[in-house]
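Data first, discussion second: the structure below is written as structure tokens.
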Amino acid sequence: MIIKFWGVRGSIPCPGPHTVNYGGNTACIEVRLENPDRLIILDAGSGIRELGNHLVARGACKNGLKADIFLTHTHWDHINGFPFFTPLYIPGTQITVHGPIAMENDSLEKIVGGQLTYYYFPVQETDLAAKIDYRELKEGHYDFGDGLTLEVQYLNHPLLCLGYRFSFQGKILCTGYDTEPFRNIFCTDPSDPAYDPAMAKEGELAARQENERIQTFFKDADLLIHDAQYTLEEYQAAKIGWGHTAVETAIENGLKSQVKRLALFHHEPVRTDQALDELTQTFFPSDSHPEMDIFFAREGMEIHM
């Protein structure tokens, strides 16, 4: 597999002089397999615009582009580049959009395609030249042919969010974003009138089991792309329940899961290049974890495995 990052930010695009080195586009990752005609795209944040322009420039759309887009979830920073994906406007393009089953009445097609409506965009979805199919996913195992298999697991986010575990020719690529650690939702303060020792104990057990289940999902991955939007200090001060992970927790998950490479992803939009460099020196200076390669993902970065 060849993995290329086209967008690595969370929440909102943040272009500018202070985000040049790591990039300011939101989530989009290109995955190529041995078959050069097989294109997989993880999320359709603003980074997918540059990916689309690149595909057109190198002639990938001349004979009809086929691509599978896997959406982790439908928060706007993960789908806002979709209307700007140039191959959608080229005849012969075939796109299959995979994503979570909506918990409400709206379908995946309505949520993603709904961006192409009069109130938001000048082009209607029905005017696109591409053929687009939508397939909703839930937890389970899937076979996508050519030796590519996929395991899907729910993550911990305010909106239903999917973790992906792709396996191809003995290599494993995992995604673990947007997510935060599961925690005990019951009162744990014995002095609080709402405290129930049995419920507190049960809540602690449930949270531990779910966190262990996530680590099992990541187990032995060749590359784990993990949410790391905050530091632990930031997370504990004001970000609990926002659906994102601290850098320290992401590293701990990678180590416990014995992954080979850990790409820290979904950078906080106010985090400058200098700040990310400083976090690198604070949390994983050179050779600090020889058993696992750790790095903050950058736009344009390619990983071969």
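Bear in mind that the values in this text are calculations on the coordinates, not laboratory data. Being a predicted model, the structure only gives us computed values, none of them experimental. Cβ: placed from backbone, ideal geometry, glycine included. Neighbour counts: every protein chain shown.
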**Request:** Run the dipole for segment 2-304 about the Cα centre, Lys and Arg Cβ at +1, Asp and Glu Cβ at -1, nothing else charged, and hand back the magnitude in debye, nearest 20.
**Result:** 900 debye
**Message:** For Cα pairs less than 8 Å apart in space and 6+ apart in sequence, what is the mean separation divided by the residue count of segment 59-130, i.e. the relative contact order in percent?
**Reply:** 36 percent
**Request:** Would you mind checking segment 267-305 for residues with the amide N under 19 Å from a putative spin-label position 7 Å along Cα→C-beta of Gln236?
**Result:** 279, 282-284
**Prompt:** Amide H neighbours of Ile172 under 5 Å, counting only residues 5+ apart in sequence or on other chains, H built in-plane at 1.01 Å?
**Reply:** Asp222, Leu223
**Message:** Under 25 Å between alpha carbons, and skipping anything fewer than 8 positions from Lys66 in its own chain: which lysines qualify?
**Reply:** Lys4, Lys110, Lys131, Lys138, Lys171
**Asked** Are there chymotrypsin sites (Phe, Trp or Tyr not before Pro) in segment 77-176 that DSSP marks as loop and that have at most 14 other Cβ atoms within 10 Å, and which are they?
**Response** Tyr118, Tyr119, Tyr120
**Asked** So what is the calculated 222 nm ellipticity per residue for the chain, using -39500 (n - 2.57) for each DSSP H run with n of 4 or more, over all residues, to the nearest 500 deg cm²/dmol?
**Response** -6000 deg cm²/dmol
**Message:** Give me, ordered by chain and number, the residues 5 or more places off Trp6 or on other chains with an amide H under 5 Å from its own placed amide H.
**Reply:** Cys28, Ile29, Glu30, Gly300
**Asked** Counting pairs of alpha carbon atoms under 8 Å apart in space and at least six apart in sequence, what relative contact order in percent does segment 187-292 give?
**Response** 26 percent
**Prompt:** Most fluctuating residue of Gly243, Gly203, Gly52 in a GNM of the chain with Cα springs under 10 Å: which is it?
**Reply:** Gly203
**Request:** Once you have the Cα-Cα distance between Thr149 and Trp76, take 0.36 nm times their residue separation minus that, and quote the gain in nm to one decimal.
**Result:** 23.6 nm
**Residue of Asp220, Asp273, Asp192 that the Gaussian network model of the chain assigns the largest fluctuation, springs spanning Cα pairs under 10 Å** = Asp192
**Most positive-pole-ward Cα, Thr249, Tyr235, His267, against dipole of segment 176-303 from beta carbon charges** = Thr249
**Prompt:** How would you classify segment 98-209 from its alpha-carbon gyration tensor, with a ≥ b ≥ c the square roots of the eigenvalues: rounded for a/c under 1.5, else prolate if a/b is greater than b/c, otherwise oblate?
**Reply:** oblate
**Request:** Starting from the Kirkwood radius over alpha-carbon pairs of segment 2-304, derive D by Stokes-Einstein at 25 °C in a medium of 0.890 mPa s and give it in µm² s⁻¹.
**Result:** 122 µm²/s
**Request:** Enter the angle in degrees (range 0 to 90, nearest 10) between the Cα long axis of helix 197-218 and the first principal axis of the Cα atoms of the chain, meaning the one along which they spread out most.
**Result:** 40 degrees
**Prompt:** Using θ = phi - 60° and the Karplus curve 6.51 cos²θ - 1.76 cosθ + 1.60, what whole-Hz ³J(HN,Hα) does each residue of segment 34-40 get, with Gly and Pro shown as x?
**Reply:** 4, 6, x, 8, 8, 10, 10
**Item:** the chain: angle of helix 47-57 to the longest principal axis, Cα-based, in degrees nearest 10
**Value:** 30 degrees
**Prompt:** Got a sec to turn the phi values of segment 112-119 into Karplus ³J(HN,Hα) couplings, 6.51 cos²θ - 1.76 cosθ + 1.60 with θ = phi - 60°, whole Hz, x for Gly and Pro?
**Reply:** 6, x, x, 5, 8, 10, 3, 6
**Asked** Counting DSSP beta bridges in the chain, what percent are antiparallel, to the nearest 5?
**Response** 45 percent
**Item:** Placed amide H near Leu39: partners under 5 Å, 5+ positions off or other chain
**Value:** Asp68
**Prompt:** Can you list the HN-Hα couplings for segment 245-256, worked out from phi with the Karplus curve (6.51, -1.76, 1.60; θ = phi - 60°), rounded to whole Hz and with x for Gly and Pro?
**Reply:** 10, 7, 3, 4, 5, 4, 5, 4, 4, x, 5, 5
**Item:** Given charges at Cβ of Lys, Arg, Asp, Glu: the chain dipole, positive-most of Tyr22, Cys187, Ile48
**Value:** Ile48
